[in-house]
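Participant: Let me give you the structure first, and then I'll get to my questions.
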Amino acid sequence: MQRLLRSCILFSVLMQSAYAVRSQTAGPVDFTGVIAKYDAGFDGIGPQVYFLPPPASKEEQLASKLEAKVTESQVVREYLDNLQFILRIKEVGDLGAVLAQLESKLDGKTSLEGLVLQEIARQSARNNVDMVANLENYLAKEYLSAGKVKDALIFFETALYAKVSLRKQADVDLLTNNLAVGYEYERNLDRAASLHREVYDRAVANRDAAQQAQSLANLALVKARQGNYLDAENDLIRTVIPMVRRARNAEGHVNALIVLAEVYRLQERYPEAQWFLVQAKQIAQEGNLNALMPEIIFSLAENKKIAGNPRVAIQEYEEASDLANGYADRHFGMQLAIQDALGDLYHQAGNYERAATALSVYDTLKSRFFLRSFSASN
């Protein structure tokens with residue numbers, strides 16, 4: 001028994017000596033395939049060889065970046081959803097010269113908001129009610145863009161009351177629309193519906209077919225957001241679309257089809273939404289309504305992505321991106337969402353080079369986006 005124990009101890013000592021010699025001569029055994037660091041002269045506490053995981057491949061690095069932007073993507077989508085409200089705000093009055101003069105005074109110590117407020121005070125002192133209301137509408141739109149909904153609603157309402165006192169009915173309708181859109185943004189849909197109904201009723205009384213179609217389409221969209229999908233569909237299919245077709249109002253027809261597609265999208269009925277968007281695309285192309293094309297193609301791409309048709313979605317996202325370049329400021333948020341989607345879709349398709357390119361463009365746009373967001377919130 002003692003002989004067996006001595007043999008085991010001797011065998012263990014010999015094996016340790018052999019391993020030490022091998023480590024100093026032939027080098028260590030690399031079980032991972034990657035030796036991160038080796039120091040044969042190291043005699044402190046710890047091993048001579050440090051085995052670390054292999055460096056991440058380009059594909060793995062790309063996947064990590066795409067995974068990290070999930071939260072950012074949600075912020076971008078919220079921004080894009082809110083932008084749809086901002087784009088529906090109507091300008092009131094001609095403020096080109098006034099705003100250009102105010103912008104020329106901008107420096108590091110002043111903001112455009114402050115200058116507009118000063119101009120409102122100056123015009124108020126002159127009792128120029130009309131100009132004050134125009135400036136208040138402009139400021140309300142800027143507040144809405146910055147997410148300051150309460151401030152926006154106050155200025156929209158003040159401007160509206162001023163135009164009512166001046167009996168400027170065309171401006172009253174524009175501001176009533178703007179106030180309604182502000183309440184939509186706030187998700188006060190009952191108040192928004194009531195205001196859109198006011199504009200529609202006045203348009204009926206004035207036999208203004210174009211205004212009837214637009215205000216009824218706006219009302220239909222509010223109804224859909226309230227869950228009254230059937231009413232919204234009937235308003236658009238049985239009233240608005242026949243009205244704009246009779247009037248040969250191509251732009252009104254396209255807008256009505258876009259709203260109808262949105263009504264179906266809210267119900268997750270993507271084939272119907274896609275069908276109406278295709279119709280809108282055809283009419284816009286025939287009427288050379290180029291400004292409407294980026295939104296139509298982008299909406300088609302979104303539907304294809306959700307419906308599980310990534311190949312066509314990629315083509316339409318790329319097309320929408322090219323079209324939106326001509327309207328860079330208006331469609332900034334759309335471009336950001338497009339590159340966001342393209343990065344994911346190309347990565348899923350295994351086209352890592354295109355995915356990396358989309359991610360690079362996304363990062364560039366994102367830095368501008370968050371700078372805008374920060375500036376707007378301060």
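Participant: On average over all directions, what projected area in square nanometres does segment 289-370 have, based on the convex hull of its Cα atoms?
Facilitator: Computed as one quarter of the Cα hull surface, the answer is 5.0 nm².
Participant: Now for a separate question. Go ahead and run the numbers for FRET between GLN169 and VAL278, Cβ-Cβ distance against an R0 of 41 Å, rounding to 0.05.
Facilitator: Details: r = 38 Å, r/R0 = 0.92.
In this case the efficiency is close to 0.60.
Participant: Ranking request for peptides 99-110, 261-272: highest mean number of other beta-carbon atoms within 10 Å first, then the rest in descending order. Working shown, then result.
Facilitator: Numbers: 99-110: 10.4, 261-272: 17.6.
Highest mean packing first, the order is 261-272, 99-110.
Participant: What's the center-to-center distance, using Cα atoms, between segment 183-206 and segment 69-113 in Å?
Facilitator: One Cα centre to the other: 24 Å.
Participant: Over all alpha-carbon pairs in segment 76-176, figure out the percentage whose distance exceeds 22 Å.
Facilitator: 31 percent
Participant: For segment 289-370, what does the relative contact order come out to in percent, with C-alpha contacts under 8 Å and a separation of six or more? Write down the numbers at each step before the final one.
Facilitator: Details: 71 pairs, mean separation 18.6, N = 82.
The normalised contact order for segment 289-370 reaches 23 percent.
Participant: Which entries in the list LYS90/LYS281; LYS150/LYS305; LYS65/LYS150 go over 30 Å, if you measure between the two C-alpha atoms of each? Display every interim value, and only then the final one.
Facilitator: Working: LYS90/LYS281 24 Å; LYS150/LYS305 35 Å; LYS65/LYS150 37 Å.
Beyond 30 Å: LYS150/LYS305; LYS65/LYS150.
Participant: Still on this structure: Peptides 188-197, 220-229: what's the order by average Cβ count within 10 Å, highest mean first? Mind dumping the intermediate values first?
Facilitator: Details: 188-197: 18.6, 220-229: 20.2.
Highest mean packing first, the order is 220-229, 188-197.
Participant: Follow-up question, since we're still on this one. So if each residue of separation counts as 0.36 nm, and I subtract the Cα-Cα distance between ALA63 and SER145, what length gain in nm does that give?
Facilitator: 26.2 nm
Participant: OK, next. Modelled label-to-label distance, ALA307 and ASP190, 7 Å Cα→beta-carbon offset: nm?
Facilitator: According to this spin-label approximation, the distance is 3.8 nm.
We did not get these values from a lab; they are worked out from the coordinates using the rules stated. Predicted, not measured: the structure shown is a model, and the values here were computed from it. Note that each Cβ is placed from the backbone with ideal geometry, even for glycine, and that neighbours are counted across all protein chains shown.
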